[in-house]
1. Keeping the other protein chains in place, figure out the carbon and sulfur percent of the accessible area of the chain, with a 1.4 Å probe.
2. Which angle from 0 to 90°, rounded to the nearest 10, does the C-alpha axis of helix 119-141 make with the longest principal axis of the chain?
3. Here are labelled values, (1) 101; (2) 180; (3) 119, and one is the computed volume of the Cα convex hull per residue in Å³ for what I pasted. Which one?
4. Using helices alone, I'd like the mean residue ellipticity at 222 nm for the chain: each DSSP H run of four-plus residues gives -39500 (n - 2.57), total over residue count, nearest 500.
5. HN-Hα J couplings of the stretch 86-93 from phi, Karplus 6.51/-1.76/1.60, θ = phi - 60°, integer Hz, Gly and Pro as x?
6. Go through SER65, SER31 and list them by solvent-accessible area, largest first, probe radius 1.4 Å.
7. Compute the relative contact order of the chain as a whole-number percentage, counting only Cα pairs closer than 8 Å that sit 6 or more residues apart in sequence.
8. Keeping every protein chain present and rolling a 1.4 Å probe, give me the accessible area per residue for the stretch 45-142 in Å².
Amino acid sequence: MLEFISGLHIFVGILILIVGFIFHWIGQLISILDWDLATSLGLQEKDMPPEFKVYEHAIAVADVSIGWTYGIAAVGLVLGLPWAVKLVWIPGVILIYHSLSFWYWTGNRIKLGYHLETRRLRVAWSLLNFITGILAIIIAWQ
């Protein structure tokens, strides 16, 4: 179906490697191992109220537990391995989930008066996750 888009699987593999594996998996792993380091690197918000930190830490643990699939699927796509096309739907769905949950979680915090990230970051991060997820699902369904 998408044979006319030569190299799409490589492009999507690189996106998943950057967005999913590096930013989500490695970023959240750093958050679990050393929250203060993650905060100083900008991976976590420094003015986060303690009651939000509990939730964010739980999300970091969940992300790390499933995020290993990002790296495997990404490498498989870049190398053109046939099993990667079947595996990539998992990162695709998770990235769409990330985009929606981030959008609504940050929106709810804004409604409560906590502006912990910029509007530009909120839009860009949500869109980047959503687009990467959609492209991954397109690859999986081809």
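The values are calculated or read from the model by the stated rules, or taken from the named source; none is laboratory data. Here the structure is a predicted model, which is why all the values come from computation and not from measurement. The area values use the complete protein model at the heavy-atom level, side chains included, leaving out ligands, DNA and RNA. Shrake-Rupley method; radii C 1.70, N 1.55, O 1.52, S 1.80 Å.
1. Numbers: 5910 of 8190 Å².
Summing carbon and sulfur atoms, their accessible area is 72 percent of the total for the chain.
2. Rounded to the nearest ten degrees, it is 30.
3. Correct label is (1).
4. It lands at -23500 deg cm²/dmol.
5. Running phi through 6.51 cos²θ - 1.76 cosθ + 1.60 with θ = phi - 60° gives 7, 6, 5, 5, 5, x, x, 5 Hz.
6. Most to least solvent-accessible, the answer reads SER65, SER31.
7. Relative contact order, the chain: 31 percent.
8. Each residue of the stretch 45-142 exposes 58 Å² on average to a 1.4 Å probe.
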